[in-house]
Amino acid sequence: MIPYENLSLVNEQFLPELSEVSQEVLKSGWYILGKKVAEFEAAFAKYNNAQYCVGVANGLDALTISLLTFGFEKGSEVIVPANTYIATILAIIHSGLVPVLVESELDTYNLNPLKIQEKITKKTKAIMVVHLYGKPTKMQEIVSIAQQNNLKIVEDCAQAHGANIAGKKVGTFGEAGAFSFYPTKNLGCLGDGGAIITNDEAVYEKAKMYRNYGSKVKYYNEVVGYNSRLDELQAAFLTVKLKYLDKINLHKRKLAEIYDNELRDAVIKPIRLDNYYDVFHIYPIRVPQREQLRQFLLDQGVGTEIHYPLQPARQKALKGRYNYLDYPIAEEIHNTVLSLPISYAHSVEDVRMVCSLVNKFFEE
């Protein structure tokens, strides 16, 4: 059996260090916004070559709080990819703003810079890009559009820890970069967690307030905030695992290269762009016969996932809310994408077996 994910096995090699730091936290008697959170924030900011980092409770809150720091008027519009995970859109709605869905590129799955300008109106205040599946969005083009139209940029980096363009890490192109540390991420904690990185001191100071009831000084509240704090235990775990993030990314890139080389051309594989460092949180292929292939692999003991089976505009929670139009590229992606096993726990042999089985499916 080759499961899609085995988190126990992923974290097994870190157990001695994780156990050690957990004991430190337990014995300290300080469990919220203490030394471990400060230590992780400093380490994660340094890793990304950012000035500031604010640890929060999860990735959705990281996105929501990032938007709130700008103080946009309610009803302002934020451009967002039509094929993103719904959390990106929920953050915009929770911030009192209006998501404007824009098609992505069919080959990168990321926001298409050529489609942005036509959706910009007087109400547009920001672009929220998503580095989907661990592939950086074409940020140079989007930064240029944002500057020309006086728009803020928030980067959804939930799947892209360590991804970069010519060495510049995602999350540092715009005003704020939002991360999730959900356990399956390349940098995952053992629970929930998130963070915001920024080089803007105003964003940093406001984000710290919003995560802690809107307070700078205990019991004195300046804004209507949230209870959204990365806890000491998860911060300690993340500090341990951050030391191994580059190694994890390299391993996943090695597995992706095997898929690239050994899968038949009957499947559409992720493209590679020069100077773009993909970290392959997910290895997505696209096939018209997705359900048949998925069942075939399952019958052979191979687990897969679909990221994601239904595009946001078709979700019951959103459909009709903003008079969404049709998004044929998003529909094509959501109808055909299939994620193959590519975790830190998978071996070269595992991936070669998956390739063999996928190729066998098309031979038959």
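Each residue of segment 41-148 gets 115 Å³ once the volume of the Cα convex hull is shared out per residue.
What whole-number distance in Å separates the alpha-carbon centres of segment 313-364 and segment 231-271? Spelled out, the Cα-based centre of one part sits 17 Å from the other.
Mind ranking 276-282, 332-338 by how tightly packed they are, going by the mean number of other C-beta atoms within 10 angstrom, highest first?
Averaged packing, sorted descending, gives the order 276-282, 332-338.
As a quick test, which of the pairs Lys218/Lys241; Lys115/Lys138; Lys125/Lys169; Lys115/Lys135; Lys125/Lys168 have an alpha carbon distance above 21 angstrom in this structure? Those over the limit are Lys218/Lys241; Lys125/Lys169; Lys125/Lys168.
Rounded to the nearest angstrom and listed largest first, the equivalent-ellipsoid semi-axes of segment 88-200 from its Cα gyration tensor are 23, 16, 14. Taking max minus min of the alpha-carbon positions on each principal axis, segment 245-363 gives extents of 47, 35, 24 Å, largest first.
Please report Met1, Met128, Met139, Met353 as a ranked list, fewest other C-beta atoms within 10 angstrom at the top and most at the bottom.
Working: Met1 7, Met128 28, Met139 23, Met353 17.
Least to most surrounded, the residues fall as Met1, Met353, Met139, Met128.
If each residue of separation counts as 0.36 nm, what is the full-extension length gain between Gln292 and Ile86 once their alpha-carbon separation is subtracted?
Full-extension gain reported as 71.6 nm.
For a paramagnetic label modelled on Leu9 (point 7 Å from Cα along Cα→Cβ), amide N atoms under 19 Å away belong, within segment 323-364, to 339-358.
Estimated at 0.36 nm per residue, the fully extended path between Glu332 and Glu201 surpasses their Cα-Cα distance by 43.1 nm. Modelled this way, with points 7 Å down the Cα-to-C-beta line, the labels at Trp30 and Lys243 are 2.1 nm from one another.
Between Lys360 and Ile306, the contour length at 0.36 nm per residue exceeds the Cα-Cα span by 17.4 nm. Across segment 215-364, C-alpha contacts under 8 Å between residues 6 or more apart give a mean separation that, scaled by the residue count, equals a relative contact order of 29 percent. Peptides 52-61, 73-82 ranked from most to least packed give 52-61, 73-82, packing being the mean of other C-beta atoms within 10 angstrom over each peptide's residues. A Förster radius of 22 Å, combined with the Cβ-Cβ distance separating Glu262 from Ala166, puts the computed FRET efficiency at roughly 0.20. Helical content alone sets the calculated 222 nm signal of the chain at -11500 deg cm²/dmol, taking -39,500 (n - 2.57) per DSSP H segment of four or more residues and averaging over every residue.
Of the beta bridges DSSP finds with both residues in the chain, what % are antiparallel, to the nearest 5? Before the final figure, lay out the partial values.
Working: 24 of 41 bridges.
Taking every DSSP beta bridge with both residues in the chain, the antiparallel ones total about 60 percent.
Projected label points at Gln315 and Ala38, each 7 Å from Cα along the beta carbon direction, are separated by 3.7 nanometres.
Bear in mind these aren't lab numbers, they're just calculated from the coordinates by the rules spelled out. Only a predicted model underlies this, so the values are computations on that prediction, with no experimental measurement involved. Please note: Cβ atoms are built from the backbone with ideal geometry, for glycine as well, and neighbour counts cover all protein chains shown.
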